[in-house]
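Working notes, beginning with the structure itself.
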Amino acid sequence: MGQGVAIIGSGQTRHCSTRRDVNIPEMIHEAATRALEDAGLSIHDIGAVVIGNMEHFEGIHLSDLWALEGGGGYLKPTMKIATGGCTGTSLAIAGYYHVASGLVDSCLVIGWEALSASSGETTTGIITAFDPFFERPTLAGAISGLGILAQEYMSRTGITEAQAAQVVVEARKKARLNPHAHLKQSVTVEDVLRSPLLSYPLKYLDMCPTSDGACAVVYVSNAAAKRHGRKAAYIKAVESVHNHAYLGDAVHFCGQRLETLKLASERAYKKAGIANPLLDLDVAEIYEPCSFALLSWMELLGFCGAGDGIRLVENGTVSMSGKLPVNPSGGVLCTNPIGATGLIRTAEASSQVRGMAGEHQVDGAKRAIATGFGGSNWNEILIFSDTP
Amino acid sequence: MKPRRIAVIDAEQTRCEARKAEISYAELVYEPVHALLTRTGLHYDDIDTVVTCSSDFLDGRTISDMAIQEVTGSIGKSASKVSSDGSFALVYAWMRLLAGEFETCLVVAHSKCSEGHQALIENAAFDPLLQRSLGLTHLVAAAIQAQCLLNEGKFTREQFAQAAVHDLKNAARNPYAHHGGEYSVEEILASEPVCDPIRPLEIAPYSDGAACLLLVTESWLRKRAWKSEVAWVEGLGYCTENNDLGDKRLSENPALRKAAGEAYKMAGIRSPEKDLQFVEISSAFSYQTPLWLEEMGLAGRTSGQALNLSGGLMGANPGFASGLIRVCEAVRQVRERPGSRGLAHGMNGFPGQSHCVWLFRSGAAHQGDA
């Protein structure tokens, strides 16, 4: 059978809209060296490299083969993972299986996106994810799909646009304590409501940005983590579920038994021995591409009942001083280098458990959850603990 | 810690074509998956996890696996997508089974090269700042490497042509291939180079096609009392070298040498030229064959070792599926001769930046070592 796996280091670049000062291998090099430094290892200690981004958005084919030079992949076993928005968590999960398999005892996982490098554009790319005959003419990339899901949530729960806007206010507040976050400017509910409409009900400020940035995470076996003597985040569960190719099917699943985030979290909690997530988890890094998503997904994650996601925001449960701080990093709403975003959730959650989250550390965090989301209602989960 | 023994129980390919205009990606992949399930008597419920492989660029579809999720049985299950060659997808599949959580994994790879303008796609793989504007494509990069090999006196034009003649002849007999025939070294050498020194018949075609296989654990085979011969996984090595053409000695390939060496070590193979009965390698251009064989320690192979019975990439080269097809072929070949050993080689990047080497041995489904 396989071996236990732990994260002992991570690194990120300072995410922003455009990195003009580095090319992609150089940008990745920043994240990789920071991760190795955090882990107290050198690249020669690494058995394999797993890397990924959304090359189609960036306009660079076989992007990993160029980028790897900055990531220490030279003469190492390497592979590329790419699954859309959840690429980052798919990478994180692949890193887990690399070491769990026993084929290697250490693995460096790298995710990045740098749309500016080749005049890339996200929505142009995402539109091609949809069926060319039936969906592409009417869907505007990820935004319209998320807009439809938000409308479904609003009609089912009565949540208003103003309530959803509170999620953005909260996220920006938290991002100010995160040196890597892209968007840190404070916003008010009025700012969000007045921002340009993209796809009802999503306005400009309801949506995550696109950022240039990279993230790297170091995985080792439990035995190696113990020998290493540094504080580790042990991986207790990984899960991944998707359920549709056509957006019409996604709406059909909303609020139903087959909701992928619900399924994924139920399976992950069972593996990790989590009976009540609100009590048993200390911090959550949730992949929220838009404001409404965070509200409905906290419900699907079992933090509260249907329609009650907003209460967790309003009563401070998810604030830094609350019972279950959500997205101390500022989340995806503040930072979104697509290929890295899910990996950043992983890096942030594991850093919390390792006590290495700096100014946005949640005191005494022992158990953390990281989620990833992408097309085809693809939801992924990793759960970390400070003990093996 | 004793690793689980893992085997491929069956593999299926599509008949590749230059252009499968009338079918969608889902239909393309449904064909081999359905054939495999039918032949093995299995159902989607028997598949615990799925690893797919495709290229968003080649497909012209972002999250290219979305188009095929419904036919791979991955809905509601843990799955992922590798975006290197299909042979690398098998690596991740193997890891998922070795980790102990799953008993079976379906591996699927597909590409429809006809959907895109290949030269433009390939050009987009080169450094956007410094190299793209030179008009580099896989063909141009390959020609540069072939010329280096000739300049250094490592191989001759006759050897390049001979490798093409060999593969094209086998491809003509392969019902899954769409390109091949009987040619002579002389007629190839007499033809006009497309990109000096590479001749038209020395270039693998672009194809549309898909392949799949089912990877299972030994305990699953025992529980099912599986009867047919399987292909046991004996060894794996995979490795990537640097990217920039100007940064490396194009007349050698340390990544392949390392990958093959690790695979042989894992499988306990000391004399690959003698110990392997079947070899399926990925040469997108025929000049690569003598170089790959040399780096894999197979340069002195005897006639007793079958090379590219399928015709290799010369017969069909459906992008990211090509390496998985090499695996499917090696699996098929060793299963037809119980106890035999086979090598399957896949690669990614130009010209051969990243390599994956698999070793299989056929044997009974639930015994000890064959």
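What follows draws every value from the coordinates through simple rules; no lab data is involved. As the structure is a prediction and not an experimental result, all values here were calculated from the model. Positions of Cβ are generated from backbone atoms using ideal geometry, with glycine treated the same way; all protein chains shown enter the neighbour counts.
Assorted remarks:
- Cβ neighbours within 10 Å from other chains - mean over A:67-73: 3
- Mean residue ellipticity at 222 nm, helices only, chain B: -10000 deg cm²/dmol; runs of at least 4 DSSP H residues each add -39,500 (n - 2.57), and the sum is divided by the number of residues.
- Ascending count of other beta-carbon atoms within 10 Å, so fewest first, for A:SER63, A:SER385: A:SER385, A:SER63
- Shape summary: segment B:206-296 maps onto an equivalent ellipsoid whose semi-axes, from the alpha-carbon gyration tensor, are 31, 18, 13 Å in decreasing order.
- Segment A:44-113 shape via C-alpha gyration tensor axes, a/c threshold 1.5: oblate
- Of all DSSP beta bridges confined to chain B, the antiparallel ones make up roughly 75%.
- In terms of packing, defined here as the mean over residues of other Cβ atoms within 10 angstrom, the peptides A:133-142, A:101-110, B:41-50, B:306-315 line up highest first as B:306-315, A:101-110, B:41-50, A:133-142.
- Where N is the number of residues in the protein assembly as shown, Cα Rg divided by 2.2 N^0.38 Å: 0.92
- Computed log₁₀ I(q)/I(0) - Debye formula, equal Cα scatterers, no solvent, chain A, q 0.07, 0.08, 0.13 Å⁻¹: -0.27, -0.35, -0.99
- Residue-by-residue Karplus 3J(HN,Hα) for segment A:367-380, coefficients 6.51, -1.76, 1.60, Hz, glycine and proline x: 10, 9, 10, 10, 10, x, 9, x, x, 6, 6, 7, 10, 10
- Taking amide H as placed 1.01 Å from N in the peptide plane, the amide H of A:LYS203 sits under 5 Å from that of A:LEU198, each at least 5 places away or on another chain.
- In terms of surrounding Cβ atoms within a 10 Å radius of their Cβ, A:THR346, B:THR104, B:THR38 rank from fewest to most as B:THR38, B:THR104, A:THR346.
- A simple count of charges around B:ARG332, restricted to other residues whose Cβ falls under 15 Å of its Cβ and scoring Lys, Arg +1 and Asp, Glu -1, yields +2.
- Taking every residue in A:122-130 and counting other chain Cβ atoms within 10 Å of its Cβ, the average works out to 3.
- For segment B:34-42, putting each phi into the Karplus relation 6.51 cos²θ - 1.76 cosθ + 1.60 with θ = phi - 60° gives couplings of 4, 5, 5, 5, 4, 5, 8, x, 9 Hz, in residue order, rounded to whole numbers and with x for Gly and Pro.
- FRET efficiency estimate (nearest 0.05) - Cβ-Cβ, B:GLU336 to A:ASP280, R0 41 angstrom: 0.15
- Seen from B:ILE75, the other residues with C-beta closer than 12 Å to its C-beta sum to a net charge of -3, counting Lys and Arg as +1 and Asp and Glu as -1.
- Beta bridges per DSSP with both ends in segment B:230-370, % antiparallel, nearest 5: 80
- Translational D in µm²/s for segment A:127-240 (Stokes-Einstein at 37 °C, 0.692 mPa s, Kirkwood Rh from C-alpha pairs): 185
- The residue list B:ALA204, B:TYR44, B:VAL165 was ranked by how far each Cα lies along the charge dipole of chain B toward its positive end, using unit charges on Cβ atoms, and B:TYR44 comes out on top.
- Between segment B:310-368 and segment A:44-115, the alpha-carbon center distance in angstrom: 24
- Our Cα-only numbers for segment B:311-370 put the radius of gyration and Dmax at 13.3, 42 Å.
- Stretched out straight at 0.36 nm per residue, the stretch from A:TYR200 to A:ARG311 would grow longer than its current Cα-Cα span by 37.7 nm.
- Taking amide hydrogens as placed 1.01 Å from N in the peptide plane, the amide H of A:GLY102 sits under 5 Å from those of A:GLN3, each at least 5 positions away in sequence or on another chain.
- Percent of Cα pairs exceeding the 20 Å cut-off, where the set is segment B:3-137: 51
- Given charges at beta-carbon only (K, R positive; D, E negative), |dipole| of chain B in Debye: 1140
- For the Cα trace of chain B, dividing Rg by the Kirkwood Rh returns an Rg/Rh value of 0.95.
- Cut-off 10 Å between beta-carbons: net charge of the residues surrounding A:LEU295, Lys and Arg +1, Asp and Glu -1: -2
- Calculated [222 nm] ellipticity per residue, helices only, for chain A: -11500 deg cm²/dmol; basis is -39500 (n - 2.57) per DSSP H run with n ≥ 4, divided by all residues, nearest 500.
- Proportion of all alpha-carbon pairs of segment A:308-372 beyond 14 Å (%): 57
- Think of each Lys and Arg Cβ as +1 and each Asp and Glu Cβ as -1; about the Cα centre, that makes the dipole of the protein assembly as shown roughly 1940 debye.
- Sorted largest first, extent of segment A:82-166 alpha carbons per principal axis (Å): 49, 33, 27
- Whole-angstrom gap from segment A:1-40 to segment A:158-201, using each part's C-alpha centre: 27
- Remark: segment A:178-192, residue by residue, has Karplus-estimated 3J(HN,Hα) of 10, x, 8, 5, 7, 9, 10, 5, 5, 10, 10, 4, 5, 4, 5 Hz, where x stands for each Gly or Pro and the curve is 6.51 cos²θ - 1.76 cosθ + 1.60 at θ = phi - 60°.
- Between B:GLU152 and A:SER42, the simple label model (points 7 Å from Cα in the Cβ direction) yields a spacing of 2.8 nm.
- Among the residues of A:373-382, the average count of other protein chain beta-carbon atoms within 10 Å of the residue beta-carbon is 2.
- FRET efficiency, 1/(1 + (r/R0)^6) with R0 25 Å, evaluated for A:THR160 and A:SER321 via beta carbons: 0.45
- Once the convex hull of all Cα atoms in segment B:82-236 is built, its volume per residue stands at 183 Å³.
- Remark: segment B:117-167 is approximated by an ellipsoid whose semi-axes, taken from the C-alpha gyration tensor as √(5λ), come to 27, 14, 6 Å, largest first.
- Cα gyration tensor shape for segment B:242-370, rounded if a/c is under 1.5, else prolate or oblate: prolate
- Look at where the Cα atoms of segment B:1-79 and of segment A:218-245 average out, and the two centres are 28 Å apart.
- Förster-model FRET efficiency, 35 Å R0, A:VAL189 and B:LEU120, C-beta, rounded to 0.05: 0.15
- For A:LYS236, distant residues with modelled amide H under 5 Å away: A:ILE383, A:PHE384, A:SER385
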